[in-house]
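Worksheet: one structure, shown below.
The values are calculated or read from the model by the stated rules, or taken from the named source; none is laboratory data. Quantities reported herein were computed from a predicted structural model and do not represent experimental measurements. Positions of Cβ are backbone-derived with ideal geometry, glycine not excepted, and every protein chain shown enters the neighbour counts. The protein model used for the area step is the full one, side chains on, heavy atoms only, and it has no ligands, DNA or RNA in it. Shrake-Rupley method; radii C 1.70, N 1.55, O 1.52, S 1.80 Å.
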Amino acid sequence: MKLTRSSIALCVLLALGTSTVQAKTFKWTSASDIPTWDIHSQNNALGNSVHSAVYDSLVFYNSRTFKPEPVLATSWNQMTPTQLRITLRNNVKFHDGTPFTADDAVFSLERAMGKNSNYTVYTQGITKVVKVNNNTIDIITAGPNPVLINQLTELRMMSKAWAEKNNSATPKDIKTPEENFAHRNANGTGPFMLKEWQPDQKIVLVRNPNWWGKAEGNVTEVVYTPVKAVATRMAALLSGEVDLVLDPSPQDLPRVRSNPDLKVLDGIENRTIFFGMDQFRNELVGSNIKGKNPLKDVRVRKALYQAIDMPTIARVALRGQGQPTGALVAPQVAGWTESVHARFPFDVAAAQKLLADAGYKDGFEVDFACPNNRYINDEQICQAVTAMWARVGVKAKLRTLPLATYFPMIQRYEASIYMLGWGVPTFDALYSLQSLVRTVGTGGDGNYNVGRYSNPKLDAIIDRSKTETDPLIRARLLTEALTLSNEDVSHLPLHNQIIPWAMKKNIDVVHRADNRLDWRLIKVN
C-alpha cells in the first residue's frame, strides 16, 4: 500500500508532534536491491531486513542481547511439547488502519507454510495454526521443536483482509516474472510505511505515527539507494550523499577510519559463503563430458575444494574481511566446532591426483555462476577461483548476474556450480542443514539445496535433530551432520563474512551479527 503525498505529510506532522522536533532522514546504500515486497516470497537477508521496518513479526531478536523478545506477541507458553500458545498484542493497527487480530496471525503463518512460499524452513515442524480467541493462537507441531521461537523471528505478519482483497493470499512465485499486489505494495504494522519503491533505484519509507511501539531512534524518513559499483557507493559516503554504506570496499576502510567525519563499526556476520554443485543431473549442461556428471564423484568435489587457495583470497580479494572456513556455519551457530571449521589443505598436486584418479586427468569444462552484487567482492572471488581451477585443468565457464536474476536462476536449478551465502537467523545449524544439505522435499527440506545433493544418512540425522530437545544430544547430532557433510564434500565452504559498516560520525546504530539495521534504534545526531 503506497500512501498519497497528502496523507504522508499529515502522518509525518503527527509523528513529529510539535514544530520544535526536526525531521531526520536516514540515507543508506548497499550493492543490491530487495527482490520483492512480498514478505513470504524470497528468503533474502537484505529483503528480510528492509521488510522488518514495515512488517512486524511475533517475536524478534533484541539487537544488544540477541535474545528473542516480544513484538506482536506479548507472551508464549508451551502448553504441551507440541502446542505453543501465543498471546497477541492488543490495539495494534496495520498501516491502512485496520486492527491486527488472531485471524491475521493465523493467515500469515499459513501463508508462510503454503504454495510458493520460500519461508517454509521457518515453519518446519508446524502442522497447523489455530485461533483460540481474538488475541490468542496455538501453534501445533508434529513433534517438539526446540528452535520454534527462533524461527518465528523471520515470519512477519500480513493483513488477511488486505491480502485477500488485493489477490495476494498466496506469495509471489519468485521463480517466475508474474507479480501479485504484495510484490510492489506493503501494509504492515511496523515502525515505517512504504512510500515509494522504484526497483533497482530507490526505496523511501516514512515513519508510522500510529506504531504501537516506542522507538529509541529519531529517524522520520529512510531512503535506500542500491548502487552496484562499490567505488560509487564509497564516493557517495565521502561526499555526504549517504549516511551509511552497509557493504564498504575492504580497500577503502583505512581511508574511512582515518577520516574525522566518518567511522566504521566492525563485526563478524553469521553468514558463510560457499559453492554448491549440481549432483543430480546425469550429464551437466554445457560440459564437454558427455553421459556422466563429474560432480557426482566425491574425488572431483574434493579436488575442486583443494584447488582453492582460500588464505590468498581472504588476504587479496577480501582484504581481511573474511575468515576461511571448512564449515557450512559460522562460529556463533549451535553445532559449530573447531574440528568442523578446519579446511582441507590447499594442495594443487593433491587436487590433480584426485582428478586423475576419478578419470579426469585432463580436467573438464563446467558452468560456473556467481552473483555480482550480493556478497563482499563476490565477482572478484569467483574470478580468482576460475583461475585456480584452471591450474588443475578444470575450465570453469564463469557467468555473473545481478541478485534480482541470479537467485531465481539458481532456484530453477540452472547452474552447475554456484556461489551462495547463508546466514543463520535461528543461530542453530539445523537451519543450514535442512535448507542446504537435506534432500529436497517438503516443509523447508532442501529449499535452497539447488545442487540437489542427497545423502540418506545425513537426512536421518537432520530429521532427528528437528525434534531433539536434549541440549547435549542435539549439539552432538548437529556436529555429526556438519562433519558428515564435510567428509562427503556436499559443498565447497569458503569463508565467514566479516562485516564492517561505514558511516558518518553523527550516525548511531547497533551492529548486528545478521548484518541488519534495527530501524527502531537508528539516530541521526
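Per-peptide packing, taken as the mean over residues of other Cβ atoms within 10 Å, places 80-91, 485-496, 242-253 in the sequence 485-496, 242-253, 80-91 from highest down. Report note on the peptides 101-109, 224-232: ranked by the mean count of other C-beta atoms within 10 Å, highest first, their order is 101-109, 224-232. Rolling a 1.4 Å probe over the heavy atoms of the protein chains gives the stretch 187-280 an accessible area of 38 Å² per residue. For the chain, the relative contact order comes to 20 percent (Cα pairs under 8 Å, sequence separation of at least 6).
Count charges around LEU430 for me, please; just the other residues with Cβ under 9 Å from its Cβ, Lys/Arg as +1, Asp/Glu as -1. That works out to +1. Relative to the Cα centre, the charge distribution of the stretch 407-494, modelled as +1 at Lys and Arg Cβ and -1 at Asp and Glu Cβ, gives a dipole magnitude of about 120 debye. Run the helix sum for the chain: -39,500 (n - 2.57) per DSSP H stretch of 4+ residues, divided by residue count, reported at 222 nm to the nearest 500 deg cm²/dmol. Helix-only estimate at 222 nm: -7500 deg cm²/dmol. In this structure, the pairs whose alpha-carbon distance is over 19 Å, taken from LYS361/LYS395; LYS93/LYS202; LYS202/LYS505; LYS128/LYS165, are LYS93/LYS202; LYS202/LYS505; LYS128/LYS165.
The alpha carbon gyration tensor of the stretch 72-160 gives principal lengths a ≥ b ≥ c with a/c of 1.5 or higher and a/b no greater than b/c, which makes the shape oblate. Measuring between their Cα centroids, the stretch 159-236 and the stretch 411-467 lie 28 Å from each other. Mind pulling the angle between the C-alpha long axis of helix 456-465 and the longest principal axis of the chain? Nearest 10 degrees, somewhere in 0 to 90. The answer is roughly 30 degrees. Here the accessible area is traced with a 1.4 Å probe on the protein chains. For the chain, carbon and sulfur cover 52 percent of it. What share of the DSSP beta bridges in the chain is antiparallel, in percent to the nearest 5? Bridges in the chain are about 75 percent antiparallel.
Taking Cβ atoms as reference points and 13 Å as the exclusive limit, the residues near PRO260 contribute a net charge of +4, counting Lys and Arg as +1 and Asp and Glu as -1.
Residues in the stretch 99-109 carry Karplus couplings, in order, of x, 8, 9, 4, 4, 5, 5, 4, 4, 5, 5 Hz; the curve used is 6.51 cos²θ - 1.76 cosθ + 1.60 with θ = phi - 60°, and Gly or Pro positions show x. Net charge of the neighbourhood of PHE280, taken over other residues with C-beta under 10 Å away and scored Lys/Arg +1, Asp/Glu -1, is +2. Couplings 3J(HN,Hα) of the stretch 134-144, computed from phi: 5, 10, 9, 10, 10, 9, 9, 10, 5, x, x Hz, in residue order, whole Hz [Karplus 6.51 cos²θ - 1.76 cosθ + 1.60, θ = phi - 60°; x for Gly and Pro]. Take the Cβ atoms of VAL285 and ARG315, set R0 to 30 Å, and the FRET efficiency comes out at 0.30. Spacing of the modelled spin labels on SER239 and ALA460, each 7 Å from Cα toward Cβ, amounts to 6.2 nm.
Per residue, the accessible area of the stretch 449-525 comes to 35 Å², computed with a 1.4 Å probe over protein heavy atoms only.
All alpha carbon pair distances within the chain were sorted into 20 Å bins beginning at 0; the resulting P(r) in whole percents reads 22, 55, 22, 1. Taking every C-alpha pair closer than 8 Å and separated by at least 6 residues, the mean separation divided by the residue count of the stretch 466-525 gives a relative contact order of 21 percent.
Cross-link pairs exceeding 24 Å in C-alpha to C-alpha distance, out of LYS115/LYS160; LYS27/LYS160; LYS290/LYS353; LYS67/LYS504, comprise LYS27/LYS160; LYS67/LYS504.
Distance between the modelled labels on LYS292 and ASP508, one decimal in nanometres: 6.4 nm (7 Å Cα→Cβ projection).
First check a/c for the stretch 162-232, with a ≥ b ≥ c the square roots of the eigenvalues of its C-alpha gyration tensor; if it is under 1.5, answer rounded, and if not, answer prolate when a/b is larger than b/c or oblate otherwise. Oblate.
Taking label points 7 Å from Cα along the Cα-to-Cβ direction, LYS67 and THR439 give a separation of 4.1 nm.
Note: the stretch 223-268, Cα convex hull, 87 Å³ per residue.
Derived value for the stretch 14-113: Kirkwood hydrodynamic radius 16.5 Å. Basis is the mean of 1/r over every pair of different alpha-carbon atoms.
In the chain, a dipole from Cβ-located charges (positive for Lys and Arg, negative for Asp and Glu) runs towards its positive end, and of PRO260, MET193, ILE273 it is PRO260 whose Cα lies farthest in that direction. Counting only alpha carbon atoms, the long axis of helix 471-487 and the longest principal axis of the chain meet at about 50°.
Evaluated with a Cβ-only charge set (Lys, Arg +1; Asp, Glu -1), the chain carries a dipole of roughly 440 debye about its Cα centre, given to the nearest 20.
Please name whichever of LEU477, MET503, PRO425 sits farthest to the positive end of the charge dipole of the stretch 363-515, dipole taken about the Cα centre and charges placed at Cβ: Lys and Arg +1, Asp and Glu -1. Going by the charge dipole, the pick is MET503. Could you tell me which of rounded, prolate or oblate describes the stretch 120-174, using a ≥ b ≥ c as the square roots of the eigenvalues of the alpha-carbon gyration tensor, with rounded for a/c under 1.5 and, failing that, prolate when a/b is larger than b/c and oblate otherwise? Verdict is oblate for the stretch 120-174. About its Cα centre, the stretch 443-525 has a charge dipole of approximately 560 debye under the convention of +1 per Lys or Arg Cβ and -1 per Asp or Glu Cβ, with nothing else charged. Ligands, DNA and RNA are left out, and with a 1.4 angstrom probe the accessible area of the stretch 284-426 is 37 Å² per residue.
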